[in-house]
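This report concerns only the one structure given below.
The values are calculated or read from the model by the stated rules, or taken from the named source; none is laboratory data. Quick caveat: nothing in here was measured; it's all calculated off a predicted structure. All Cβ positions, glycine included, derive from the backbone under ideal geometry; neighbour counts span all protein chains shown. Areas reflect the complete protein model, heavy atoms only, side chains present, ligands, DNA and RNA absent. Shrake-Rupley method; radii C 1.70, N 1.55, O 1.52, S 1.80 Å.
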Amino acid sequence: MDDELNVTYITLGGHVEVHTYRYLYFFIMFIAYIQIILFNFTIVYLIWIHENLHEPMYVFIAALLLNSVAFSTAMYPKLLIDYLSEKQIISYSACLFQFFLCYTLCGTEFLLLSAMSYDRYVSICKPLQYPTIMTKNTVSIFLVLAWLLPACQTSVPVIMSADMKLCNLTLEGIFCNNAIYSLHCVTTKVRTIYGYVALLNFAVFPVLFILFTYTRILIITYRSCREVRTKAAQTCLPHLLVLISFSCLCAYDVVIVRLGSNFPKIVNFIMTLQTVLYHPLFNPIIYGLKMKEISKHLKRLFCQAKLV
């Protein structure tokens, strides 16, 4: 019995008609992955080479886009391999590693969005103090903490799950997310409580902080002149759109664990694809189109490309 419980490989059972549409899935995901890399790195490249984009706001945008590429790289290669394989399987250790990367990078995204909201708050509400508050050292500390804290916190449930026995060898998903807990024979109260604490630390609290800062910005700009309101809208709207998009996808990820197998498989498959397809492409498009300075450099880049 112990040998059966300690089977190394688990099946990714969240795919729909994968044997029928494997090449279509592969083509769509391959094109999407290439676009994610190109779109995100194009914006990062523009921020890197243009001096006027070396401001904290654009540094955080570049970090956010690099985070999207890292998240996609944690998901896409395995998905592409699965679509060309007869069996969609993954070792338990690899599954835990993918779980670690997934939620570390998700936590990082929320913390980066929080740093961006704070940057906008200081810029708009305390413009005279902005140069002394948002220094290079401050930005560097925010960036380090944004990647380090989620990694440390996510490593705990991974370590706790490493030696747990598996009673279910089929994961109802296309990659290793929270559904991994359904594989375990028992669910401990400690792990459940820790999961709620992690959710509060790297999702709920950052969202509340972002909403607080943007509420303060809204109050300040409402009392200010039209020029200030326009500037605030141009810089804050893209961040809010990204926050809403990402929060909805993360909320679904939490809900699906509670509903489990009661949730329709096709809906689960479509929503999971939104996470890996839609959001990593949404970020560079929003910042490329809605951020005035980035959009200006982007147009120049395309004009130069046409001339060549």
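Annotations for the structure displayed:
- The residues of the stretch 169-187 that are open to solvent by 50 Å² or more (accessible area, probe 1.4 Å) and without any contact (Cβ under 8 Å) to a residue 24 or more places away in the chain, listed by number, are Val186, Thr187.
- Exactly one residue among Ile28, Ile61 is over 26 Å from Ile10 (Cβ atoms), modelled with pLDDT of 90 or more, in a helix (DSSP H, G or I) and among the hydrophobic types (A, V, I, L, M, F, W, C), and that residue is Ile61.
- From the list Pro150, Pro157, the lone residue that is open to solvent by less than 50 Å² (accessible area, probe 1.4 Å), over 25 Å from Ile36 (Cα atoms) and within 20 Å of the chain's Cα centre (by Cα) is Pro157.
A quick yes/no check of all residues on (1) closer than 25 Å to Asp163 by Cβ; (2) modelled with pLDDT of 85 or more:
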site: Gly173; (1), (2): yes, no
site: Tyr181; (1), (2): yes, no
site: Val190; (1), (2): yes, no
site: Leu208; (1), (2): no, yes
site: Thr213; (1), (2): no, yes
site: Ala232; (1), (2): no, no
site: Ile256; (1), (2): no, no
site: Phe263; (1), (2): no, no
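- Long-range neighbours under 7 Å by Cβ, at least six apart or interchain, first residue without any contact (Cβ under 8 Å) to a residue 40 or more places away in the chain within the stretch 225-236, second in a helix (DSSP H, G or I): Arg229/Thr221
- Flag: Tyr214 does not match the condition of being surrounded by fewer than 16 Cβ atoms within 10 Å (Cβ to Cβ) and under 20 Å from Ser114 (Cβ atoms).
Results for (1) within 30 Å of Gly13 (Cα to Cα); (2) surrounded by fewer than 21 Cβ atoms within 10 Å (Cβ to Cβ), shown as yes or no for each residue.
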site: Met75; (1), (2): yes, no
site: Glu86; (1), (2): yes, yes
site: Ser93; (1), (2): yes, yes
site: Leu112; (1), (2): no, no
site: Met116; (1), (2): no, no
site: Ile124; (1), (2): no, no
site: Leu128; (1), (2): no, yes
site: Pro131; (1), (2): no, yes
